[in-house]
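Participant: Structure incoming, see below.
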Amino acid sequence: MMEGIISGQNEREKEVRNLLNTYLNEQRVMARDLKGNLGKFGNSLSEGEAQRVKEFQQMIKEILAKQTERKDEVISKLKEFKKEQKVLASKLKELLAKGRDLRIRDFKKMLKEFKGHHEERLARQEERKLEVRQLLGERKKGRN
């Protein structure tokens, strides 16, 4: 039974680690794109292309807004993970405090609750992945 809790925790830790790695990779891609567009922006400034300059400024605003949104999502996920850790610890302490009165069904009920929360989180994560893919696809189309 403890294996179920430990494997669930390991899986959640892996999710958070993957989320952070994805976030950092997105930041690198964004930095590379901004660096590439900076040269074009400089050329447009020197050539006096006001419309092109405005387009670049708008693009930068959109990128910064997406960065902020993604950062908030990562922070939210980390807070959620921390909260789950605290809940798990308190529930386990509560179960241990029962001592001999500890019942298997209490433990199984707790495992079922954690599994339900985990499945909900995975569903939200998949939805977010689709949104990010769509945004990246739109961004690529916009650059071409």
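Participant: Among the residues of region 27-60, which ones are small (Gly, Ala, Ser) and either surrounded by 15 or more Cβ atoms within 10 Å (Cβ to Cβ) or touching a Pro at 6+ places or on another chain (Cβ under 7 Å) (or both)? If you could, list the steps in order and put the result at the bottom.
Facilitator: Taking region 27-60 first, the residues small (Gly, Ala, Ser) are 31, 36, 39, 42, 44, 46, 48, 50.
Of everything in region 27-60, just one residue is small (Gly, Ala, Ser) and either surrounded by 15 or more Cβ atoms within 10 Å (Cβ to Cβ) or touching a Pro at 6+ places or on another chain (Cβ under 7 Å) (or both), namely SER44.
Participant: Out of curiosity, is ALA89 at pLDDT 80 or above, farther than 29 Å from GLU119 by Cβ and assigned to a helix (DSSP H, G or I)? Please lay out each step first, then the result.
Facilitator: Details: at pLDDT 80 or above: yes; farther than 29 Å from GLU119 by Cβ: no; assigned to a helix (DSSP H, G or I): yes.
Considered against the rule, which asks whether it is at pLDDT 80 or above, farther than 29 Å from GLU119 by Cβ and assigned to a helix (DSSP H, G or I), ALA89 comes out as no.
Participant: Consider ILE63 carefully, then state whether it is loosely packed, with under 14 Cβ neighbours inside 10 Å and more than 16 Å from ARG121 (Cβ to Cβ). Quick ask: steps written out before the conclusion?
Facilitator: Details: loosely packed, with under 14 Cβ neighbours inside 10 Å: no; more than 16 Å from ARG121 (Cβ to Cβ): yes.
For ILE63, the condition - loosely packed, with under 14 Cβ neighbours inside 10 Å and more than 16 Å from ARG121 (Cβ to Cβ) - is not met.
The values are calculated or read from the model by the stated rules, or taken from the named source; none is laboratory data. Bear in mind the structure is a predicted one, so any value in this text is a computation, not a measurement. Virtual Cβ from ideal backbone geometry, glycine too; neighbours counted across all protein chains shown.
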